[in-house]
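Worksheet: the structure to be examined is printed underneath.
The values are calculated or read from the model by the stated rules, or taken from the named source; none is laboratory data. Quantities reported herein were computed from a predicted structural model and do not represent experimental measurements. Cβ atoms come from the backbone with ideal geometry, glycine included; neighbour counts cover every protein chain shown.
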Amino acid sequence: MGYTSPSTSLAFDFGSLDNGCKYAPNRLGYATMADDILIPITTPTAKLNWWQFVGAEQGADFYFIQLSTDGGVTWPDEIYRDSTDNLFWNESSIDLTAYIGRSIRLRFGFSSDQSFENFGWYVDDITIAGETLGDGVSAVAIGDASITEGDSGTGTLSFPLDISPVNAEEIVLEHMTVNGTAVAGLDYLASSGPFIIPANTDAITLDVAVLGDAFLEANETLSLVISNPTPNAIITLHTGVGTVIDNEELVTLYEEGFEADVGEISWLTEPDPNSLDPFPSWHIQNLTDVFEDPSGGGIGGQRFLTFNNNTGRTYDAPNGNLAGNPNSVINTTRTITTILIPDGDPMAMPVYSTTAQLSFSHFLEISYVSASDVITEARVEVSPDFVEWVTVETFGPTEPSDDLFVIPWQEHIVNLDAFIGESIYLRFVLAQPDEVNPHLARGWFIDDIKISHAPLPP
């Protein structure tokens with residue numbers, strides 16, 4: 001790869017001789033590589049090396065190295081972290097073999113707390129280097145593969161093998177499929193044994209047969225492992241992941257996006273929101289009527305189903321004032337407000353379904369105080385008879401806290417297989433305990449409700 005840092009030293013410090021070149025407290029800084037470095041498949045091993053001199057507060061100020069594989073957009077991998085003093089120049093190294101075949105970018109970071117100053121982190125002679133191949137030896141690397149599953153028959157999942165440099169002789173290696181969520185004999189045909197790469201070949205595929213079916217299921221994965229090559233080859237990437245993409249689609253039984261006029265939306269509120277104003281209640285809220293878009297721009301339309309105070313766009317945790325209100329629904333110490341669907345007419349769940357689900361997008365911000373024995377809950381409930389309700393999903397804090405409980409805007413899916421063959425009603429419930437001191441929260445925003453099923457294949 002041949003990357004070497006410039007001759008000057010990289011430093012995290014205050015940069016002033018008047019301060020002894022010490023870093024300031026409460027600082028976080030990065031030095032980031034400007035370009036990606038490709039670690040080629042012809043590298044059996046790869047390593048990051050650097051020299052460093054460090055003055056830091058142990059256990060409080062940290063120096064670290066992060067790695068990105070998407071050009072610096074995200075930094076998910078922290079490959080090095082320390083906080084000890086090294087008040088002398090010493091060489092350090094990190095193994096990068098796991099990143100063979102990928103382009104990487106590094107950044108060196110330093111963070112300090114509020115209480116201590118020291119010399120900082122000085123870094124020099126950064127190199128990313130790899131082992132070289134011997135004469136007459138080729139590197140073999142396997143890649144990932146994917147295929148869309150058919151309704152019947154077999155398909156071919158083709159794993160690419162790259163060979164570099166090409167070899168004048170044939171290469172023989174072993175291969176073996178390994179179950180992931182895909183199961184041999186049910187989703188694909190197991191394969192193992194010797195595999196021959198002809199002489200002077202720079203690329204070839206190793207194929208696995210995939211079995212089609214007409215059932216709705218999640219995408220599934222399996223692995224293909226190559227090993228034990230002849231002496232004229234070294235395997236630098238041993239495992240390829242194969243993804244079988246399901247091609248069946250759900251059929252929609254019911255959907256509501258709350259974009260029609262309020263009087264045309266078939267959702268009933270309980271209790272009547274007019275009798276509780278300005279207390280919180282369920283209502284249809286316009287996107288333009290909220291102070292901040294709870295979806296962060298992710299909402300598809302301009303309206304959503306909302307539990308909050310329509311005037312203030314937030315709600316107060318009730319302080320006991322609702323307990324004597326005949327229009328409120330009380331369960332022990334909590335005030336429960338519900339939404340029912342749809343106009344007393346249940347939705348039929350076909351008995352010929354292989355699976356069924358409820359999906360919706362939502363944002364939830366609710367309050368909860370540690371002084372209360374009753375937890376705050378946002379629930380999804382289903383009933384086959386409009387009388388007995390079954391909770392199919394619950395959102396809320398699991399431990400006492402005076403902080404607001406927040407779920408950012410996202411889609412959520414609830415399995416409804418237990419109700420196949422039945423007609424059902426659906427409701428959303430927000431249960432908030434009484435509190436002496438109100439806590440403002442934005443409430444519950446719900447949109448794009450959909451009930452779907454997968455028909456039994458013919």
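Can you say whether Glu174 is modelled with pLDDT of 90 or more and farther than 30 Å from Gly71 by Cα, as far as the supplied structure shows? So that I can check it myself, show each step before the final result.
Working: modelled with pLDDT of 90 or more: yes; farther than 30 Å from Gly71 by Cα: yes.
In short, yes.
Among the residues of segment 337-380, how many are crowded, with 19+ Cβ neighbours inside 10 Å, modelled with pLDDT of 75 or more and not in a loop (DSSP other than H, G, I, E, B)?
Number of matching residues: 13.
Of the conditions (1) surrounded by 14 or more Cβ atoms within 10 Å (Cβ to Cβ); (2) at positive phi; (3) not acidic (Asp, Glu), Gly180 fails just one. Which one is it?
Tallying (1) surrounded by 14 or more Cβ atoms within 10 Å (Cβ to Cβ); (2) at positive phi; (3) not acidic (Asp, Glu), Gly180 fails exactly one: (2).
For Tyr80, only one of the following conditions fails: (1) surrounded by 14 or more Cβ atoms within 10 Å (Cβ to Cβ); (2) part of a strand (DSSP E or B); (3) in contact (Cβ under 8 Å) with a residue 24 or more places away in the chain. What is its number?
(3)
Can you name the residue in segment 381-428 that is surrounded by fewer than 16 Cβ atoms within 10 Å (Cβ to Cβ) and among the hydroxyl-bearing types (Ser, Thr, Tyr) and is also nearest to Lys450 (Cα to Cα) among such residues?
Ser423
Exactly one condition in (1) in contact with a strand residue (DSSP E or B) (Cβ under 8 Å, 6 or more places away or on another chain); (2) assigned to a loop (DSSP other than H, G, I, E, B); (3) surrounded by fewer than 17 Cβ atoms within 10 Å (Cβ to Cβ) is not met by Asp125; state its number.
For Asp125, the failing item is (2).
Read through the list (1) of a type in the set (A, V, I, L, M, F, W, C); (2) farther than 26 Å from Leu133 by Cα; (3) touching a Phe, Trp or Tyr at 6+ places or on another chain (Cβ under 6 Å), then give the number of the only condition that Ile94 fails.
(2)
When you scan segment 135-151, do you find a residue that is surrounded by fewer than 14 Cβ atoms within 10 Å (Cβ to Cβ) and touching a strand residue (DSSP E or B) at 6+ places or on another chain (Cβ under 7 Å), even just one?
yes
I'd like to verify a number: residues in segment 134-185 that are touching a Leu at 6+ places or on another chain (Cβ under 7 Å) and more than 13 Å from Ser223 (Cα to Cα), how many? Lay out the reasoning, then the answer.
Step one: filter segment 134-185 for residues touching a Leu at 6+ places or on another chain (Cβ under 7 Å), giving 139-142, 145, 147, 154, 159, 161, 175, 177-180, 182.
Applying the additional criterion that residues be more than 13 Å from Ser223 (Cα to Cα) yields 139-141, 147, 154, 161.
Count: 6.
Provide a single number: the residues in segment 209-247 that are buried (at least 17 other Cβ atoms within 10 Å of the Cβ), modelled with pLDDT under 95 and polar (S, T, N, Q).
1
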